[in-house]
1. Of the conditions (1) in a helix (DSSP H, G or I); (2) modelled with pLDDT of 95 or more, His146 clears all except one; give me its number.
2. Taking the criterion of being crowded, with 16+ Cβ neighbours inside 10 Å and either on the phi > 0 side of the Ramachandran plot or over 16 Å from the mean Cα position of the chain (by Cα) (or both), would at least one residue in the stretch 60-71 satisfy it?
3. State all residues of the stretch 171-181 that are out of contact with any Asp or Glu (no Cβ under 9 Å at 6 or more places or on another chain) and either of a type in the set (S, T, N, Q) or within 23 Å of Thr121 (Cα to Cα) (or both); if no residue qualifies, say none.
4. Only one of these is among the charged types (D, E, K, R), on the phi < 0 side of the Ramachandran plot and modelled with pLDDT of 95 or more: Glu47, Glu56. Name it.
5. Of these, Leu90, Leu77, which one is modelled with pLDDT of 95 or more and under 21 Å from the mean Cα position of the chain (by Cα)?
6. Which residues, taken from the stretch 114-151, are farther than 17 Å from Gln42 by Cα, open to solvent by less than 50 Å² (accessible area, probe 1.4 Å) and of a type in the set (Val, Ile, Thr)?
7. For the stretch 78-110, enumerate the residues that are in contact (Cβ under 8 Å) with a residue 24 or more places away in the chain and either on the phi > 0 side of the Ramachandran plot or loosely packed, with under 13 Cβ neighbours inside 10 Å (or both).
8. Could you pull out every one of the helices (runs of 4 or more DSSP H) wholly within the stretch 6-101 that has 1 or more residues that are of a type in the set (Asp, Glu) and within 27 Å of Arg169 (Cα to Cα)?
Amino acid sequence: MEGIDGGQYRVHSDAVTKAAHEALERRGVSIEEIAKIVFEMQEPFNEGLQISHCIESVESVLQKREMQHALLVGVELDVLAEQGKLSAPLQQIVDTDEGLFGVDEMIGLGAVLTYGSIAVTTFGHLDRNKIGVIRELDTKVGGQVHTFLDDLVASIAACASARIAHRQRDLEEKGKDFKDISPDETAPELHVDGTDT
């Protein structure tokens, strides 16, 4: 199929964003559940932080192509494992979330790198401690497989937490904190003096 640039057809950003949101929905994970993890991680350090700030941060993370692609690949592999459609021995490895299988963490870690070292360390903390919905996803129930999804939710939450931490620093330098801004002002990339986005 011919694309707008004369090359292969490219999927529009809106379609990818929609698919990423739908993948989370289909797997029973809400933006609010991820935002609760972010709030738990950041509220002790950010006066005036509200869950609405955290929801905005999660939504912003889900606008990133790297995160969308990671989410779509990971969820697809989980679904195929549930359906028994992966080749052996990968089927058994993914189905049981085998301890030495680290590809799920690597996909989550790759997506988290966009947000720097604070996101990486937060991802490690969430991967180890399984907070909130991450714990639910990590607990195998019935025929569900969330080998990739638990790590991807940790990745989203880690990135959203890093965004909050960076925004707090910007606010501190202006003598403010989160009680002084609305949720739509959370994005640091939109509110740093001297930047043009």
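The values are calculated or read from the model by the stated rules, or taken from the named source; none is laboratory data. Note that the structure is a prediction, hence the values are computed from the model and not measured. In this analysis, Cβ positions are derived from the backbone assuming ideal geometry, glycine residues included, and neighbour counts consider all displayed protein chains. Protein only, heavy atoms only, side chains kept; ligands, DNA and RNA dropped before computing areas. Shrake-Rupley method; radii C 1.70, N 1.55, O 1.52, S 1.80 Å.
1. Only one criterion in (1) in a helix (DSSP H, G or I); (2) modelled with pLDDT of 95 or more is unmet by His146, namely (1).
2. No, that holds for no residue.
3. Within the stretch 171-181, Glu172 is the sole residue that qualifies.
4. Just one listed residue meets the conditions, Glu56.
5. Within the list Leu90, Leu77, the selection yields Leu77.
6. Val145, Thr147
7. Asp97
8. Qualifying helices (runs of 4 or more DSSP H): 31-42, 51-61, 65-82.
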